[in-house]
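Here is the structure we will look at, set down as structure tokens.
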Amino acid sequence: MRKATKARVVAARSGQQTAMPRMVGSALTCLAVIVTLAGPAGAETPRERGGYLVNTILACGNCHTPKTANGLAISEKELSGGGLSFTTPAFSATASNLTPDRETGIGDWSDLEIKQALTEGIRPAHGRLPGTPLAAVMPVGFYKALLPADLDAIVAYLRAVKPVRNEVRDPQYTAPVRRDPYPDAEAGFNAASLQDPVGRGAYLATIGHCMECHSVWKRGVSDFKAGLGGGGRQFGPTLVQGFAGGWQGSTAPNITSHPVKGIGGWSDAEIKRAITQGLRRDGGALKPPMPFAWYAGLTEADQQAIVAWLRTVPPLE
């Protein structure tokens, strides 16, 4: 969440205090503090806010933007689909076209239909694959935590993306779509809960669906209670297709506060470097599917909030 500049905050507070009675001015100053802590909504347009979310913590382009042979996102084809494909026993699917192209993208979808796709996994009852659910790889169970203003902002940004005609293959399902509910998303968030850095970090980690990969995974089910952050989930080229040719897979590490097995012994700077640069504590390279290139755009305040929350994740060996 991009931080307002000090000058803007000072100017805003000064204007409130000189233009209004003291009581009203104080109330608005408190509101300004809340907005500043919760994010840049007061300093940015919804489209700018949506762009920040889509291109950092949500990392939508990691799946939905086509890549070069070296694994770099092709900017002129942003969010046009086909970036990654997934093959599992329950389904096979390719990331969809999210641009406003009316025939192959979401240009014919209403704002409400886009929001329902994000937070409920429901396609519109018209157009391509009417009424068909989105594949389980779409982290709908995490996106349901998105605050209403952030949902609006994401829609505003998607409307502004360049339309690109790119038809991707239809998903195929061999089992009903099943999603594991994520406790923090089910509980929900509000603007007040984001005032505290830990609450803010929990929100970012939720909509960033960090624990989708990093929690213990057994027999196709995520353990978000006893296995939160414990790692061990494996990814390989037979499961995910679309990363650079040399990718041979990876295993999600333990990101709990355990001092040895997890990241409890890491410094804040080391954790931030891992998130935004893909480097382990020893300087070795971490591997996809972690979208380091997108997380690199996170503001310092948002990085610190995520670290603050990670410090609270119970240690697991």
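Structure notes:
- Members of the stretch 259-317 that are in contact (Cβ under 8 Å) with a residue 60 or more places away in the chain, among the polar types (S, T, N, Q) and surrounded by 13 or more Cβ atoms within 10 Å (Cβ to Cβ): THR299, GLN304
- Any hit, the stretch 114-122, residues being at negative phi and assigned to a loop (DSSP other than H, G, I, E, B): no
- Some residue of the stretch 111-132 being touching a residue at least 40 places away in the same chain (Cβ under 8 Å), farther than 24 Å from GLY201 by Cβ and hydroxyl-bearing (Ser, Thr, Tyr): no
- Within the stretch 223-253, tally of residues that are under 23 Å from ALA73 (Cα atoms) and surrounded by 18 or more Cβ atoms within 10 Å (Cβ to Cβ): 6
- Selection status of ARG178, in a loop (DSSP other than H, G, I, E, B) and of a type in the set (Lys, Arg): yes
- Scanning the stretch 69-113 for residues that are in a helix (DSSP H, G or I) and either buried (at least 20 other Cβ atoms within 10 Å of the Cβ) or more than 22 Å from the chain's Cα centre (by Cα) (or both) yields a single hit, LYS77.
Quick note: the coordinates plus some simple rules give every number you see, no bench work behind them. Every value quoted in this text rests on a predicted model; they were computed, and no experiment measured them. All Cβ positions, glycine included, derive from the backbone under ideal geometry; neighbour counts span all protein chains shown.
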